[in-house]
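**Q** Have a look at the structure that comes next, please.
What follows is calculated from the coordinates using simple rules that are stated; it is not laboratory data. All figures in this text were calculated on a predicted structure; none of them were measured in a lab. Every residue, glycine among them, receives a Cβ derived from its backbone with ideal geometry; neighbour counts consider all protein chains shown.
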Amino acid sequence: MYKCSEVVTCKAAPIVSRMRNSLVSYFCFSMCLVVSAVDWHSDIIATIRRANQYISGMGRIDEKVLLDSIPIKDNAKHQWISMTNFSDAFIRSHVKFYVYTRQNFLYPDEVWPGNNLSLRSSFYDPRKPTTILIHGFAVDSSSDSVQGIKRKLLEHQDMNVVGVDYGSLMDHWWYNLCPPCGMAVVVLQAPKVGSYVGELISFLVDFGQIPASVHIVGHSLGAHVAGFAGKYLNQIDRTVGRITGLDPSSPGFTKVSNSHRLAPDDATFTDCIYTSAKSISVRRPICKSNFYPNGCGLSQPGCFAGDFSTYGGCSHSRAVYLFAESIDPQGIFRTKRCDLMPCVDSKPSATCWSTNETLMGYRANHEVEGIFYTRTNDEAPFYRNPK
């Protein structure tokens with residue numbers, strides 16, 4: 001089954017894998033659906049009836065549970081749940097923004113959207129390009145998806161790096177009581193967290209940041225948070241230059257429309273790297289440029305044992321390390337263009353051919369769209385020396 005985070009063992013996976021057979025899990029999953037009525041006044045009977053209808057045809061938490069529920073009108077007989085702690089004010093108090101530069105590489109400045117003093121007293125410089133880094137589920141900004149990429153960026157470029165931290169949202173009691181419910185709750189907050197990230201970027205633009213010089217990089221659930229940030233900025237005509245999705249997570253985002261996940265037009269250029277496309281991440285291409293290192297199999301090279309012990313976490317995290325390596329001038333990932341997703345079970349099978357159009361990762365060509373394949377080593381350094 002799958003792992004929900006980057007590097008920690010998923011406590012939810014054993015429960016989810018027995019979802020259909022365990023009465024305890026059945027109840028837990030039913031509660032997930034009730035929780036999905038966030039900020040709605042719901043009729044308890046109608047809510048549970050809808051939950052039962054969904055459960056009968058499903059084996060995992062997916063988009064029908066998390067995004068397609070229909071709210072009950074306010075005149076319902078029972079106010080079953082009102083998650084007021086996930087109001088906009090709650091999100092603002094639990095999502096943190098940390099600015100790193102070469103001047104404060106180890107000790108970031110915390111900034112707040114709308115707080116001019118916090119930005120003026122930081123090392124942030126609007127004349128430099130800015131990269132926003134967003135972690136995935138069940139971790140925080142101390143993870144490699146923020147710190148590892150930050151180190152590479154500032155090593156090779158003089159720029160601003162902003163680490164987004166929404167990890168404290170996982171401290172909610174629903175996650176401790178029932179991890180799948182906790183996952184559902186956090187996934188439901190992705191649009192709100194993304195909008196708040198959008199507010200921060202708009203605040204930076206007010207200080208002189210050029211939107212085209214902003215690059216948002218999100219891993220797992222963070223990829224979709226990045227997408228929602230892009231949507232927010234599109235609505236106020238401040239479209240950012242680029243969004244990169246690193247193995248965008250699947251639960252809650254598989255079959256939904258572009259408005260409910262990371263999508264091609266959330267930035268001027270969007271690119272995705274899929275390293276667990278048959279387990280944790282979204283499988284189909286959802287960006288303008290889509291890269292499938294080593295194809296879309298079950299495990300990345302060198303990850304079989306790691307995936308077995310961490311429910312796919314090794315492959316899921318590999319996208320972070322590939323992207324971090326690509327920032328280094330030596331980290332060249334040459335690609336092949338494909339007519340279809342390069343999956344071993346594709347019918348018909350994909351045809352791929354060598355191309356010099358683009359590279360995978362940080363140096364991807366912003367003018368090129370399509371589906372691409374590349375080969376990597378099974379351990380670091382993952383890039384192969386160009387021949």
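**Q** What order do you get for 327-340, 135-148, 154-167, 101-114 when each peptide is scored by the mean count of other beta carbon atoms within 10 Å, highest first? Intermediate results must be reported in sequence, preceding the final value.
**A** Working: 327-340: 17.4, 135-148: 23.1, 154-167: 20.6, 101-114: 15.3.
Put in order of decreasing packing, that is 135-148, 154-167, 327-340, 101-114.
**Q** Return Arg120, Arg238, Arg151 ranked ascending by Cβ neighbour count within 10 Å, so the fewest neighbours appear first.
**A** Details: Arg120 10, Arg238 20, Arg151 17.
Listed from fewest to most nearby Cβ atoms, that is Arg120, Arg151, Arg238.
**Q** Determine the shape class of the range 181-275: with a ≥ b ≥ c the square roots of the Cα gyration tensor eigenvalues, call it rounded for a/c under 1.5, and otherwise prolate if a/b is greater than b/c, oblate otherwise. Don't skip to the end; give the middle numbers.
**A** Details: a/c = 2.07, a/b = 1.55, b/c = 1.33.
Prolate is the answer for the range 181-275, as a/c is 1.5 or above and a/b outweighs b/c.
**Q** Can you run phi through the Karplus equation (6.51, -1.76, 1.60; θ = phi - 60°) for the range 121-127 and list ³J(HN,Hα) in whole Hz, with x for Gly and Pro?
**A** Whole-Hz 3J(HN,Hα) from phi for the range 121-127: 8, 8, 8, 4, 10, x, 7.
**Q** Which far-off residues, 5 or more places away or on another chain, put their amide H under 5 Å from the one on Val162, with H placed in the peptide plane?
**A** HN-HN under 5 Å from Val162: Tyr100, Thr131, Ile132, Leu133.
**Q** Can you work out the Karplus-derived ³J(HN,Hα) for every residue in the range 139-151? Use 6.51 cos²θ - 1.76 cosθ + 1.60 with θ = phi - 60°, whole Hz, and x for glycine or proline.
**A** 10, 9, 6, 7, 6, 5, 5, 10, 5, x, 5, 4, 4
**Q** Rounded, prolate or oblate: which one fits the range 233-387, using the alpha carbon gyration tensor with axes a ≥ b ≥ c (rounded when a/c is under 1.5, else prolate when a/b beats b/c, else oblate)?
**A** Values: a/c = 1.44, a/b = 1.19, b/c = 1.21.
The shape class here is rounded.
**Q** Taking every DSSP beta bridge with both residues inside the range 88-328, roughly what % is antiparallel (nearest 5)?
**A** Working: 9 of 32 bridges.
About 30 percent, rounded to the nearest 5.
**Q** Expressed as a whole number of Å, what is the distance separating the alpha-carbon centroids of the range 191-241 and the range 321-387?
**A** Answer, in whole Å: 26.
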